[in-house]
Amino acid sequence: MVGAISTPVLWEACKKDSATAISTETVSNSGSGTSSTTCAVAPTETEGPFPTKTPSGYVRSDITDGRTGYKMTAKLTIANVNNNCAALAGVIVDVWHCDAEGNYSEYGGSGMQSTNYQSVHFLRGRQVTDASGLVTFTSIFPGWYSGRATHIHVHVYNASGTSLKVTQIAFPEGSGSAVAIVNGYSKGMSGYTTNANDNVFSDDTTKLEIATVTGSIAAGFDLSIKINVPG
Amino acid sequence: MNNNAIVFCYRKIIDSSSSLPWEKMVFEDSYMEFKMQFQNFSQGLPYHTFAELVHQRPDAERLHFLVSPSISGYIKQLQGGMPDLFDALGKRFLNFDSYRFELINSDIRNPSAHQVAISFYSNTMIWHDTIGNFLLVSDPAVPAGNDGTLLTALYQLQPFVSIHSLKLKI
């Protein structure tokens, strides 16, 4: 019985037209498997868990991740300059901004990293525009850091991930504005960079990059802006 | 008997030759995210590879971090079980507490150049002794029996597996 079972294997190995026998290409990358290089016992585990296709952790509407600050709802409408600024549906919109202290999420310096990637990537999110070109994010009102006015980063991609526009959203400032009401959280506004002095926004003389911001600390703030991209 | 506390690190390499479904999904989704995030740094620059970009723009090192959410859902699907590592009985014996994603190489023109690594850091294990090529370890989170008996596993270190940290005589 053993011989009968082994025969096809030997036959396969001896076949002259076997593709594996003919090829002289040398493997330059043997992969990450460890079974061939050690004398370890072969795994004998029940299969699973079975993987399923999962969207990026960026895809979510609420990007707060437990960061403290005044609630802000941001509504971005994406329009197509190549189509009379009609709404652009089905495009990917990434946003990210700093927390109340002015810090962005990023890897820490050590080689260790928490498993909770949702919170590590705080205040970063991705949505796809609806039929009216709209995406909505729930977040906190951004703080500020030295050298920059309050801002939100935006990157708009087409459905296949090709960049259509990298831009930033500026905030209205001055008496009665949300920036003035929030007053830099605990940091205050001493040393704040205004839009006019900001190296990104200072050339925005037509104020296309400045959002409309309403609301209050108690009720939360509502930000809205229309962003025109070459769709 | 040493009874030192150790943390294993397993650096799992995933590239175009990876064949398991989980690895393929990590490969495809991290490549797509790489191509998207790359454009945050490459605008106006004639570069196509991660290495070129980092050389010219050191802040592109942030791409490791920026690409990592593309695979966080797949990490969750592992349910904390250390992939690919088996004890002398051929069974899984380790959990991981944390991980870190890194880009090794990539090229927005060519998916076959895309190569990433995920370093998995195990839960703390007690290393009692070394028997031949095997480490005798136990999980301190599993309580000893009434008579003090500990459940143990034997594990042989493999390529891409290292002892990440050591705490003497806990």
Point to revise | Residue tally, condition touching a Phe, Trp or Tyr at 6+ places or on another chain (Cβ under 8 Å) and not in a loop (DSSP other than H, G, I, E, B), over segment B:116-130 | key: 8
Review point. When residues of segment B:10-22 are filtered for being within 8 Å of chain A (Cβ to nearest Cβ) and buried (at least 16 other Cβ atoms within 10 Å of the Cβ), how many remain?
Key: 7
Study note, to complete from the structure: Note: among B:LEU66, B:LEU135, B:LEU94, just one is over 17 Å from B:ILE13 (Cα atoms), of a type in the set (A, V, I, L, M, F, W, C) and under 13 Å from the mean Cα position of the chain (by Cα), namely B:LEU94
Check your understanding: From B:SER68, B:SER112, B:SER72, which residue is more than 8 Å from chain A (Cβ to nearest Cβ) and either surrounded by fewer than 18 Cβ atoms within 10 Å (Cβ to Cβ) or closer than 30 Å to B:SER42 by Cβ (or both)?
Key -> B:SER112
Check your understanding: Has segment A:81-103 got at least one residue that is at pLDDT below 95 and within 13 Å of chain B (Cβ to nearest Cβ)?
Key -> no
Practice item. Return a yes/no flag: does segment A:148-159 have any residue that is in contact with a Gly (Cβ under 6 Å, 6 or more places away or on another chain), touching a residue at least 60 places away in the same chain (Cβ under 8 Å) and buried (at least 18 other Cβ atoms within 10 Å of the Cβ). Key: no
Point to revise | All positions within segment B:131-159 that are surrounded by 13 or more Cβ atoms within 10 Å (Cβ to Cβ) and part of a strand (DSSP E or B) | key: B:PHE134, B:LEU135, B:LEU136, B:VAL137, B:SER138, B:THR152, B:ALA153, B:LEU154, B:TYR155
Review point. Does segment A:172-218 hold any residues that are of a type in the set (Ser, Thr, Tyr), more than 19 Å from A:THR73 (Cα to Cα) and assigned to a loop (DSSP other than H, G, I, E, B), and which are they?
Key: A:SER175, A:SER190, A:TYR192, A:THR193, A:THR194, A:SER202, A:THR205, A:THR206
Review point. Which number in (1) hydrophobic (A, V, I, L, M, F, W, C); (2) free of Cβ contacts under 8 Å to residues at least 40 places away in the same chain; (3) more than 9 Å from every other protein chain (Cβ to nearest Cβ) marks the one condition that B:LEU63 misses?
Key: (2)
Check your understanding: All but one of (1) hydrophobic (A, V, I, L, M, F, W, C); (2) within 10 Å of chain A (Cβ to nearest Cβ); (3) in contact with a Ser or Thr (Cβ under 6 Å, 6 or more places away or on another chain); (4) not in a helix (DSSP H, G or I) hold for B:LEU85; which doesn't?
Key -> (3)
Study note, to complete from the structure: Of (1) within 15 Å of B:ALA5 (Cα to Cα); (2) in contact with a Pro (Cβ under 6 Å, 6 or more places away or on another chain); (3) of a type in the set (S, T, N, Q), B:GLN77 fails just (1)
Exercise for review: Please list, ordered by first then second residue, the pairs with beta carbon atoms under 7 Å, 6 or more apart or interchain, first in segment B:2-22 and closer than 17 Å to B:SER68 by Cα, second at pLDDT below 95 and of a type in the set (Val, Ile, Thr).
Suggested key: none
Study note, to complete from the structure: Among residues of segment A:123-147 being surrounded by fewer than 23 Cβ atoms within 10 Å (Cβ to Cβ) and among the hydroxyl-bearing types (Ser, Thr, Tyr), the residue farthest from A:TRP96 (Cα to Cα) is A:SER132
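Conditions tested, residue by residue: (1) within 14 Å of chain B (Cβ to nearest Cβ); (2) in contact with a helix residue (DSSP H, G or I) (Cβ under 6 Å, 6 or more places away or on another chain).
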site	(1), (2)
A:ARG124	yes, no
A:GLY133	no, no
A:THR138	no, no
A:VAL154	yes, no
A:ALA159	yes, no
A:ALA170	no, yes
A:ILE181	no, no
A:MET189	no, no
A:ASP204	no, no
**Study point:** Residue list for segment B:44-68, filter: of a type outside the set (A, V, I, L, M), in contact with a Leu (Cβ under 7 Å, 6 or more places away or on another chain) and part of a helix (DSSP H, G or I)
**Key:** B:PHE50, B:GLN56, B:HIS64
Check your understanding: Is segment B:97-106 home to any residue that is surrounded by 20 or more Cβ atoms within 10 Å (Cβ to Cβ), modelled with pLDDT of 95 or more, within 26 Å of B:ASP15 (Cα to Cα) and among the hydrophobic types (A, V, I, L, M, F, W, C)?
Key -> yes
**Study point:** Candidate set: segment A:40-61, residues that are exposed (fewer than 11 other Cβ atoms within 10 Å of the Cβ) and more than 7 Å from chain B (Cβ to nearest Cβ); chosen: the one modelled with the highest pLDDT
**Key:** A:PHE50
Practice item. For segment B:40-50, indicate whether the set of residues that are more than 7 Å from chain A (Cβ to nearest Cβ), among the aromatic types (Phe, Trp, Tyr), surrounded by 16 or more Cβ atoms within 10 Å (Cβ to Cβ) and within 30 Å of B:ASN133 (Cβ to Cβ) is non-empty. Key: no
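The values are calculated or read from the model by the stated rules, or taken from the named source; none is laboratory data. Quantities reported herein were computed from a predicted structural model and do not represent experimental measurements. Heads up, the Cβs are rebuilt from the backbone with ideal geometry, glycines too, and the neighbour counts pull from every protein chain shown.
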